[in-house]
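Peer 1: I am attaching a structure below and will ask some questions about it afterwards.
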Amino acid sequence: MTLAMKWLPTYKGVVAGSVVAGFGLGAMVFNPVITSYINPNNTSPSYAPYPDHPKEKYFHDPDDAAILDRVPYCFLVMAGFFVGLQTIGNLLLKPAPTVFEDYYESGVNGAACASPSLQQDSTASENLLQEALPAEYSPLQLLKHRDFWILWFTFLCNNQGICYVSTYWKSFGQGFISDDMFLAAIGSAASIGNVLSRIIWGGIGDKLGFKTAMCTLQAIFAMLYIVMYYTQAGKWGYAIFVF
């Protein structure tokens with residue numbers, strides 16, 4: 001991600017959003033593939049081990065032995081895919097030109113960073129970098145700064161919500177939707193929203209700043225959390241919510 005941002009130092013938010021959009025894009029491709037491999041007959045879980053929670057259901061051996069047996073092999077297949085994709089990605093990495101990297105490190109809005117005159121005048125670029133470059137901190141020094149802890153807690157709280165939804169959206173949906181393929185399709189559609197939102201919010205962050213973009217995003221996220229419980233009325237309503 002850092003390498004990509006060095007190529008486009010004036011659009012760091014959009015670049016970062018585009019890179020992390022790969023998480024959503026991967027789910028869009030592999031979600032239906034994995035479901036089709038593990039559960040080709042679209043069998044719904046039927047085992048409810050907790051009488052007080054009848055909607056909490058699982059696949060259970062021996063009734064669903066074929067489905068459960070495919071899970072370990074699926075991990076091996078996915079590992080092979082990931083090794084191949086990571087290898088291709090690493091081979092395509094290329095350092096950004098020095099003048100681009102200087103503007104990235106300096107934090108200067110370098111609209112003219114591609115100017116031929118700047119590329120030819122390395123001395124001017126180095127002087128600009130020395131003037132604008134922020135102080136470098138060791139890890140121990142960084143821990144003493146208030147801004148570091150604000151940023152750390154911001155991401156801690158943000159990722160709690162993201163991990164909860166990404167982990168339990170399907171389990172929650174299985175309580176009232178008995179169609180595994182439909183749930184896989186919901187996940188793929190939601191991945192498209194994931195990809196687009198990361199790029200869009202990255203652009204918003206470039207224009208409005210990190211603080212404004214993050215506060216607005218988290219306010220919307222909190223409101224969606226509040227209404228999540230009421231999406232059990234039907235599968236299409238739930239599909240729209242997850243998207």
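Peer 1: Being at pLDDT below 80, part of a helix (DSSP H, G or I) and among the hydroxyl-bearing types (Ser, Thr, Tyr) is the requirement here; does Tyr104 meet it?
Peer 2: yes
Peer 1: Moving to a separate point now. Does any residue of the stretch 62-83 turn out to be exposed (fewer than 14 other Cβ atoms within 10 Å of the Cβ), modelled with pLDDT of 80 or more, within 30 Å of Gly203 (Cα to Cα) and out of contact with any strand residue (DSSP E or B) (no Cβ under 7 Å at 6 or more places or on another chain)?
Peer 2: yes
Peer 1: I'm trying to understand the selection: among the residues of the stretch 223-243, which are among the small types (Gly, Ala, Ser), in a helix (DSSP H, G or I) and free of Cβ contacts under 8 Å to residues at least 40 places away in the same chain?
Peer 2: Across the stretch 223-243, the qualifying residues are Ala233, Gly237.
Peer 1: Of all residues in the stretch 142-171, count the ones that are closer than 12 Å to Ala239 by Cα and without any contact (Cβ under 8 Å) to a residue 24 or more places away in the chain.
Peer 2: Of the residues in the stretch 142-171, 1 are closer than 12 Å to Ala239 by Cα and without any contact (Cβ under 8 Å) to a residue 24 or more places away in the chain.
Peer 1: Which condition number in (1) modelled with pLDDT of 80 or more; (2) under 30 Å from Asp206 (Cβ atoms); (3) part of a helix (DSSP H, G or I) is the one that Lys94 fails?
Peer 2: The number of the failed condition is (3).
Peer 1: Touching a residue at least 12 places away in the same chain (Cβ under 8 Å), part of a helix (DSSP H, G or I) and farther than 26 Å from Lys12 by Cα: is that true of Met214 in this structure?
Peer 2: Criteria not met by Met214.
Peer 1: Right, another one. Go through the stretch 1-57 and give me each residue that's open to solvent by less than 60 Å² (accessible area, probe 1.4 Å), under 21 Å from Leu68 (Cβ atoms) and in contact with an Asp or Glu (Cβ under 7 Å, 6 or more places away or on another chain).
Peer 2: Listed by number, the residues that qualify are Thr35, Asn39, Asn42, Thr43, Ser44, Ala48.
Peer 1: Which of the following residues is under 24 Å from Ala48 (Cβ atoms) and touching a helix residue (DSSP H, G or I) at 6+ places or on another chain (Cβ under 8 Å): Ala233, Ala190, Ala184, Ala213?
Peer 2: So the residue among Ala233, Ala190, Ala184, Ala213 that is under 24 Å from Ala48 (Cβ atoms) and touching a helix residue (DSSP H, G or I) at 6+ places or on another chain (Cβ under 8 Å) is Ala184.
Peer 1: Quick one: which residue in Ile192, Ile199 is open to solvent by 50 Å² or more (accessible area, probe 1.4 Å), more than 25 Å from Ile177 (Cα to Cα), modelled with pLDDT under 80 and touching a Gly at 6+ places or on another chain (Cβ under 8 Å)?
Peer 2: Within the list Ile192, Ile199, the selection yields Ile199.
The values are calculated or read from the model by the stated rules, or taken from the named source; none is laboratory data. All values derive from a computational prediction rather than experimental measurement. Cβ atoms come from the backbone with ideal geometry, glycine included; neighbour counts cover every protein chain shown. Quick note on the areas: whole protein, heavy atoms, side chains included, nothing else; ligands and nucleic acids left out. Shrake-Rupley method; radii C 1.70, N 1.55, O 1.52, S 1.80 Å.
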